[in-house]
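Some notes on the structure that comes next.
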Amino acid sequence: MRGLAEALVREGRAPDVAAGERRVRADLAEILAVFEGLDRHLEAVDDVVARLERRIAAAVRYLDRPDSLAIERAAAALRAVGAAAEPPDLPAEVSLLRPPIGEAHLFTPRSRRAPIEAEPLPEIHLDPAIEAFVIAKAEFRRRTTVTPETISTFLEVKLGQKPSIRGSQIAVDDVDEFVIFQRLREIDVLFDGTLGERYALSRAEGRVSNGWLDCPDFIVARRGSTGEGARA
(Lines give C-alpha, C1' and ligand atoms only; values in the text may rest on other atoms or scores of the structure.)
Protein backbone atom coordinates (compact mmCIF):
# COMPACT_ATOMS: atom_id res chain seq x y z
CA MET A 1 0.00 0.00 0.00
CA ARG A 2 2.75 2.44 0.95
CA GLY A 3 4.74 1.58 -2.17
CA LEU A 4 1.73 2.37 -4.40
CA ALA A 5 1.10 5.61 -2.51
CA GLU A 6 4.74 6.70 -2.89
CA ALA A 7 4.57 5.90 -6.61
CA LEU A 8 1.54 8.21 -6.94
CA VAL A 9 3.47 10.96 -5.17
CA ARG A 10 6.50 10.51 -7.47
CA GLU A 11 4.22 10.64 -10.53
CA GLY A 12 2.59 13.83 -9.28
CA ARG A 13 -0.84 12.22 -8.93
CA ALA A 14 -1.04 12.76 -5.17
CA PRO A 15 0.28 15.63 -3.01
CA ASP A 16 1.55 13.39 -0.21
CA VAL A 17 1.70 9.76 0.95
CA ALA A 18 -1.51 9.98 3.00
CA ALA A 19 -3.48 11.26 0.00
CA GLY A 20 -1.87 8.57 -2.14
CA GLU A 21 -3.01 5.85 0.27
CA ARG A 22 -6.58 7.21 0.23
CA ARG A 23 -6.57 7.14 -3.56
CA VAL A 24 -5.21 3.56 -3.64
CA ARG A 25 -7.93 2.42 -1.22
CA ALA A 26 -10.61 4.10 -3.35
CA ASP A 27 -9.29 2.38 -6.49
CA LEU A 28 -9.29 -1.03 -4.76
CA ALA A 29 -12.87 -0.49 -3.54
CA GLU A 30 -13.96 0.36 -7.09
CA ILE A 31 -12.29 -2.80 -8.48
CA LEU A 32 -14.02 -4.93 -5.84
CA ALA A 33 -17.41 -3.38 -6.69
CA VAL A 34 -16.89 -4.18 -10.39
CA PHE A 35 -16.14 -7.86 -9.70
CA GLU A 36 -19.10 -8.17 -7.31
CA GLY A 37 -21.39 -6.69 -9.97
CA LEU A 38 -20.39 -9.37 -12.50
CA ASP A 39 -22.42 -12.03 -10.65
CA ARG A 40 -25.62 -10.01 -11.01
CA HIS A 41 -25.11 -9.66 -14.76
CA LEU A 42 -24.36 -13.39 -15.18
CA GLU A 43 -27.49 -14.32 -13.20
CA ALA A 44 -29.57 -12.14 -15.52
CA VAL A 45 -28.05 -13.94 -18.54
CA ASP A 46 -28.89 -17.33 -16.97
CA ASP A 47 -32.51 -16.26 -16.46
CA VAL A 48 -32.82 -15.28 -20.13
CA VAL A 49 -31.29 -18.61 -21.26
CA ALA A 50 -33.70 -20.60 -19.04
CA ARG A 51 -36.73 -18.77 -20.45
CA LEU A 52 -35.56 -19.37 -24.02
CA GLU A 53 -35.07 -23.08 -23.36
CA ARG A 54 -38.55 -23.40 -21.85
CA ARG A 55 -40.11 -21.70 -24.86
CA ILE A 56 -38.18 -23.89 -27.29
CA ALA A 57 -39.23 -27.03 -25.38
CA ALA A 58 -42.86 -25.95 -25.45
CA ALA A 59 -42.69 -25.19 -29.17
CA VAL A 60 -41.17 -28.61 -29.93
CA ARG A 61 -43.78 -30.37 -27.79
CA TYR A 62 -46.71 -28.88 -29.65
CA LEU A 63 -45.08 -28.78 -33.08
CA ASP A 64 -47.00 -31.82 -34.47
CA ARG A 65 -50.49 -31.17 -35.80
CA PRO A 66 -53.23 -32.52 -33.47
CA ASP A 67 -54.92 -35.78 -34.60
CA SER A 68 -58.18 -36.57 -32.76
CA LEU A 69 -58.39 -40.13 -34.20
CA ALA A 70 -54.86 -41.17 -33.20
CA ILE A 71 -56.03 -42.63 -29.86
CA GLU A 72 -58.87 -44.62 -31.51
CA ARG A 73 -56.53 -46.07 -34.14
CA ALA A 74 -53.97 -47.05 -31.54
CA ALA A 75 -56.66 -48.77 -29.39
CA ALA A 76 -58.01 -50.68 -32.42
CA ALA A 77 -54.48 -51.86 -33.35
CA LEU A 78 -53.87 -53.08 -29.81
CA ARG A 79 -57.23 -54.96 -29.74
CA ALA A 80 -56.45 -56.65 -33.08
CA VAL A 81 -53.02 -57.74 -31.84
CA GLY A 82 -54.56 -59.08 -28.63
CA ALA A 83 -57.24 -61.06 -30.47
CA ALA A 84 -54.74 -62.82 -32.75
CA ALA A 85 -53.95 -66.46 -31.93
CA GLU A 86 -50.24 -65.89 -32.41
CA PRO A 87 -48.20 -62.72 -32.35
CA PRO A 88 -47.70 -61.20 -35.80
CA ASP A 89 -44.45 -62.05 -37.50
CA LEU A 90 -43.69 -58.45 -38.47
CA PRO A 91 -40.61 -56.36 -37.72
CA ALA A 92 -41.25 -53.66 -35.21
CA GLU A 93 -41.13 -50.26 -36.87
CA VAL A 94 -41.34 -48.38 -33.62
CA SER A 95 -38.64 -48.64 -30.97
CA LEU A 96 -40.00 -49.64 -27.60
CA LEU A 97 -36.95 -48.20 -25.87
CA ARG A 98 -37.61 -45.02 -24.01
CA PRO A 99 -35.39 -42.09 -24.95
CA PRO A 100 -32.69 -41.29 -22.40
CA ILE A 101 -33.88 -38.88 -19.79
CA GLY A 102 -31.52 -37.63 -17.18
CA GLU A 103 -29.35 -34.81 -15.96
CA ALA A 104 -27.69 -34.34 -19.33
CA HIS A 105 -31.10 -33.47 -20.89
CA LEU A 106 -32.18 -31.02 -18.23
CA PHE A 107 -31.27 -27.36 -17.88
CA THR A 108 -28.53 -26.93 -15.33
CA PRO A 109 -28.27 -23.43 -13.91
CA ARG A 110 -24.83 -21.95 -13.50
CA SER A 111 -23.42 -22.79 -10.12
CA ARG A 112 -23.13 -19.85 -7.81
CA ARG A 113 -19.70 -18.51 -7.20
CA ALA A 114 -18.50 -18.32 -3.67
CA PRO A 115 -18.79 -14.79 -2.32
CA ILE A 116 -15.65 -12.72 -2.39
CA GLU A 117 -14.30 -12.35 1.09
CA ALA A 118 -13.48 -8.72 1.69
CA GLU A 119 -10.91 -8.14 4.35
CA PRO A 120 -10.06 -4.67 5.59
CA LEU A 121 -6.58 -3.59 4.62
CA PRO A 122 -4.35 -3.58 7.68
CA GLU A 123 -2.90 -0.35 8.87
CA ILE A 124 0.86 -0.78 8.79
CA HIS A 125 2.76 1.25 11.32
CA LEU A 126 6.41 1.42 10.42
CA ASP A 127 9.16 1.57 12.96
CA PRO A 128 10.22 5.23 13.46
CA ALA A 129 13.79 4.18 12.69
CA ILE A 130 12.69 2.77 9.32
CA GLU A 131 10.69 5.94 8.60
CA ALA A 132 13.75 8.04 9.39
CA PHE A 133 15.90 5.83 7.13
CA VAL A 134 13.46 6.18 4.22
CA ILE A 135 13.36 9.95 4.62
CA ALA A 136 17.14 10.18 4.89
CA LYS A 137 17.59 7.99 1.81
CA ALA A 138 15.21 10.18 -0.21
CA GLU A 139 17.05 13.30 0.97
CA PHE A 140 20.41 11.75 0.05
CA ARG A 141 19.11 10.92 -3.43
CA ARG A 142 17.82 14.47 -3.84
CA ARG A 143 21.09 16.07 -2.72
CA THR A 144 23.29 13.88 -4.90
CA THR A 145 21.18 14.18 -8.05
CA VAL A 146 22.47 16.86 -10.43
CA THR A 147 20.04 18.46 -12.87
CA PRO A 148 20.43 21.17 -15.51
CA GLU A 149 18.50 23.53 -13.23
CA THR A 150 20.76 23.02 -10.20
CA ILE A 151 23.92 23.51 -12.30
CA SER A 152 22.55 26.66 -13.94
CA THR A 153 21.52 28.12 -10.58
CA PHE A 154 24.95 27.33 -9.10
CA LEU A 155 26.81 28.90 -12.03
CA GLU A 156 24.67 32.04 -12.12
CA VAL A 157 25.30 32.59 -8.40
CA LYS A 158 29.06 32.09 -8.81
CA LEU A 159 29.31 34.12 -12.03
CA GLY A 160 27.27 37.05 -10.82
CA GLN A 161 27.89 39.85 -13.31
CA LYS A 162 31.11 38.32 -14.64
CA PRO A 163 31.06 36.77 -18.15
CA SER A 164 33.32 33.89 -17.10
CA ILE A 165 34.97 32.30 -14.10
CA ARG A 166 37.87 29.93 -13.50
CA GLY A 167 37.34 26.72 -11.59
CA SER A 168 40.01 27.77 -9.09
CA GLN A 169 37.99 30.94 -8.35
CA ILE A 170 34.81 29.08 -7.45
CA ALA A 171 34.38 28.78 -3.69
CA VAL A 172 32.88 25.44 -2.63
CA ASP A 173 31.14 25.99 0.71
CA ASP A 174 29.49 22.64 1.41
CA VAL A 175 28.83 19.12 0.15
CA ASP A 176 25.86 20.21 -1.95
CA GLU A 177 28.02 22.67 -3.88
CA PHE A 178 30.81 20.12 -4.24
CA VAL A 179 28.41 17.63 -5.88
CA ILE A 180 27.67 20.25 -8.53
CA PHE A 181 31.21 21.61 -8.79
CA GLN A 182 32.78 18.23 -9.59
CA ARG A 183 30.45 17.91 -12.61
CA LEU A 184 31.33 21.29 -14.13
CA ARG A 185 34.18 19.76 -16.15
CA GLU A 186 31.55 17.77 -18.08
CA ILE A 187 29.17 20.66 -18.63
CA ASP A 188 29.56 20.60 -22.41
CA VAL A 189 28.34 16.98 -22.69
CA LEU A 190 26.00 16.62 -19.71
CA PHE A 191 22.30 16.12 -20.41
CA ASP A 192 22.86 15.65 -24.15
CA GLY A 193 24.71 18.97 -24.39
CA THR A 194 21.79 21.04 -23.08
CA LEU A 195 24.01 23.20 -20.89
CA GLY A 196 26.60 23.49 -23.65
CA GLU A 197 24.16 25.79 -25.45
CA ARG A 198 24.39 28.31 -22.58
CA TYR A 199 27.93 27.85 -21.25
CA ALA A 200 31.30 27.27 -22.88
CA LEU A 201 33.99 25.16 -21.23
CA SER A 202 37.72 25.59 -21.90
CA ARG A 203 41.00 24.53 -20.33
CA ALA A 204 43.18 26.88 -18.30
CA GLU A 205 46.71 26.89 -16.98
CA GLY A 206 47.25 25.72 -13.44
CA ARG A 207 45.29 23.43 -11.18
CA VAL A 208 42.24 23.52 -8.96
CA SER A 209 43.08 22.57 -5.37
CA ASN A 210 40.39 23.66 -2.96
CA GLY A 211 40.39 20.94 -0.31
CA TRP A 212 37.55 19.16 -2.10
CA LEU A 213 39.11 18.38 -5.44
CA ASP A 214 42.52 18.50 -7.13
CA CYS A 215 42.31 18.68 -10.93
CA PRO A 216 43.42 20.77 -13.94
CA ASP A 217 41.95 24.26 -13.94
CA PHE A 218 39.17 25.22 -16.37
CA ILE A 219 37.08 28.21 -17.42
CA VAL A 220 33.28 28.37 -17.63
CA ALA A 221 31.88 31.27 -19.65
CA ARG A 222 28.44 32.34 -20.73
CA ARG A 223 27.84 31.82 -24.43
CA GLY A 224 28.11 34.99 -26.46
CA SER A 225 30.02 36.86 -23.74
CA THR A 226 33.24 38.68 -24.55
CA GLY A 227 35.09 36.65 -21.95
CA GLU A 228 34.19 33.32 -23.47
CA GLY A 229 37.30 31.11 -23.64
CA ALA A 230 38.40 29.07 -26.57
CA ARG A 231 37.33 25.44 -26.53
CA ALA A 232 39.94 22.82 -25.94
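Among D188, D173, which is closer than 17 Å to A221 by Cβ, assigned by TED's automatic domain parsing to the domain that holds S209 and not aliphatic (A, V, I, L, M)?
On the way: D173 fails: closer than 17 Å to A221 by Cβ.
Selected residue: D188, the only one of D188, D173 that is closer than 17 Å to A221 by Cβ, assigned by TED's automatic domain parsing to the domain that holds S209 and not aliphatic (A, V, I, L, M).
Inspect all residues belonging to the range 162-170 and state whether any of them is crowded, with 17+ Cβ neighbours inside 10 Å, touching a Lys or Arg at 6+ places or on another chain (Cβ under 8 Å), assigned to a strand (DSSP E or B) and not assigned by TED's automatic domain parsing to the domain that holds R10.
yes
Consider the range 37-74. How many of its residues are at pLDDT 80 or above and either within 30 Å of A5 (Cα to Cα) or outside any helix (DSSP H, G or I) (or both)?
2
Any residue at all in the range 106-114 that is at pLDDT 75 or above and closer than 30 Å to M1 by Cβ?
Looking for residues that are at pLDDT 75 or above and closer than 30 Å to M1 by Cβ, one finds at least one in the range 106-114, hence yes.
Considering each residue of the range 148-161, count those that are surrounded by fewer than 13 Cβ atoms within 10 Å (Cβ to Cβ) and touching a helix residue (DSSP H, G or I) at 6+ places or on another chain (Cβ under 8 Å), and give that number. So that I can check it myself, show each step before the final result.
Kept after step one, since they are surrounded by fewer than 13 Cβ atoms within 10 Å (Cβ to Cβ), are these residues of the range 148-161: 149, 153, 156-157, 160-161.
Next cut, touching a helix residue (DSSP H, G or I) at 6+ places or on another chain (Cβ under 8 Å) only: none.
Within the range 148-161, residues that are surrounded by fewer than 13 Cβ atoms within 10 Å (Cβ to Cβ) and touching a helix residue (DSSP H, G or I) at 6+ places or on another chain (Cβ under 8 Å) number 0.
Which one of D188, D217, D173 is part of a loop (DSSP other than H, G, I, E, B) and surrounded by 14 or more Cβ atoms within 10 Å (Cβ to Cβ)? Walk me through it before giving the result.
Details: D217 fails: part of a loop (DSSP other than H, G, I, E, B); D173 fails: surrounded by 14 or more Cβ atoms within 10 Å (Cβ to Cβ).
Only one candidate qualifies: D188.
Going residue by residue through the range 6-20, is there one that turns out to be part of a loop (DSSP other than H, G, I, E, B), of a type outside the set (D, E) and loosely packed, with under 10 Cβ neighbours inside 10 Å?
Taking every residue of the range 6-20 in turn, at least one turns out to be part of a loop (DSSP other than H, G, I, E, B), of a type outside the set (D, E) and loosely packed, with under 10 Cβ neighbours inside 10 Å.
The values are calculated or read from the model by the stated rules, or taken from the named source; none is laboratory data. Note that the structure is a prediction, hence the values are computed from the model and not measured. With ideal geometry, Cβ positions are generated from the backbone for all residues, glycine too; neighbour counts draw on all protein chains shown.
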